[in-house]
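Report on one structure; see the data block that follows.
Taken together, the values in this text are just the output of simple stated rules run on the coordinates, not laboratory data. If you're wondering where the values come from, they're calculated on a predicted model, not measured in any experiment. Note that we place each Cβ from the backbone using ideal geometry, even for glycine, and neighbour counts take in every protein chain shown.
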Amino acid sequence: MAKKEIRTDLWVYDLLKDANIKIDSQGCNIKETDEALKTASKKGTGNYGYPEYCGVVKDFVIVIEDKPTTDKQAKYDDNGILDMQVS
């Protein structure tokens, strides 16, 4: 799976580069966002979460966590309903 994910990482990087979007990879240089990521591990362990890309575009903070397949692009609750909770 890692090989598939790296292809996605590079594809997203190329899109960001083509759009002239300056963005950090594997973490975030924005103080507040970096603080929030300190307990944002993907597996919910409370460890540091390292998104693929993070940056600011105009008035928006962009955090990109890409996945090699679409089945990992949403979080569902125990009933199979899209989890819209903000934690």
Around residue 83: net Lys/Arg minus Asp/Glu count, Cβ-Cβ under 12 Å: -1
Cut-off under 5 Å, modelled amide H: who pairs with residue 62 long-range: 55, 56, 57
